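The values are calculated or read from the model by the stated rules, or taken from the named source; none is laboratory data. This is a predicted model, so every value here is computed, not measured. Reconstructed Cβ throughout: ideal geometry from the backbone, glycine too, with neighbour counts over all protein chains shown.
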Amino acid sequence: MKHETLSCLRCLRRWLAWGLLPLALHTLPALAREGVEVGKNSAFSKLVPAEEVENSAGQQYGQLLAQARAKHALAPSEHPQLQRLRAVARKIIPQALSWNPRARDWQWEVNLIGSPQINAFCMPGGKIAFYSGILDKLQLSDDEVAMVMGHEVAHALREHARERMGKSAVTQGAARIGGVLAAGIFGIDPRLTDTLARGGANLLTLEFSREDESEADLVGMELAARAGFDPRAGVTLWQKMSAANKGAPPQWLSTHPSGKTRIADIEKNLPRVLPLYERAKN
């Protein structure tokens, strides 16, 4: 053991003498990131200004809350279920900031709307809303609520709305320049993207692709685990969702993955996030 240590010290002195230490350090394998792996944000999102998307989202969110308030469907701040949602959000939001630097400046909001819909969303800029139907009909535990919220927050962090709007801009822009898609990706008339961002998409009804949904499942699971919520709740959540959506179309006819696919992906990635949960819990 002593001989090996001396040998390592001699190598270190040689690297220093020859100026090779920086090169040696550079070639060492990078420390693996803890958690799920989903790659970088899509380049398509860069075609649409983030500020315009977030401003548009804020306006649509405000309109939705105003409509709910007019119908006496907006939960007051003392509502127990709203307090519960906001308590979960207070744990999840700090975990979200490392996924998107813009999230540090978002004006996060969480509201509850009285409606039988089994639905929830997080719009660009951190505007979160749950419908009472998802809580009442599915009888969600706090861990399951965290999985739903993490999933929706992940859509905003990964800028899936900007990505889909950017893809639409590419499609329309490419058509205008004779279908030369590769040349059009970063050369589209900026007026097209500005118009698209300001009014071309209803962010409240925007459908994400199966890839976006799968990505949000994994990122959301990590967010929940880092916040101290059991990521295994993703399995029970999608069992409940599948039971509530028995009439849903087959996966290949839907923009959403099937419940079985989602559960399989969650189970496959549990080993990546369970240590994060155990650490947060303790």
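Quick notes on this structure:
- Scanning region 230-273 for residues that are surrounded by fewer than 19 Cβ atoms within 10 Å (Cβ to Cβ), in a helix (DSSP H, G or I) and modelled with pLDDT under 90 returns S242, A243, A244, Q251, W252, L253, K260, T261.
- Any hit, region 45-54, residues being assigned to a helix (DSSP H, G or I), buried (at least 20 other Cβ atoms within 10 Å of the Cβ) and of a type in the set (A, V, I, L, M, F, W, C): yes
- Test: residue in region 89-101 that is more than 22 Å from K240 (Cβ to Cβ), more than 20 Å from the chain's Cα centre (by Cα) and of a type outside the set (S, T, N, Q): no
- Condition check for L74: within 18 Å of G234 (Cα to Cα), surrounded by 15 or more Cβ atoms within 10 Å (Cβ to Cβ), in contact (Cβ under 8 Å) with a residue 40 or more places away in the chain and of a type outside the set (V, I, T): no
- Some residue of region 21-43 being part of a helix (DSSP H, G or I), at pLDDT below 95, at negative phi and buried (at least 18 other Cβ atoms within 10 Å of the Cβ): no
- Any hit, region 212-229, residues being modelled with pLDDT of 85 or more, charged (D, E, K, R), touching a Lys or Arg at 6+ places or on another chain (Cβ under 8 Å) and within 30 Å of P76 (Cβ to Cβ): no
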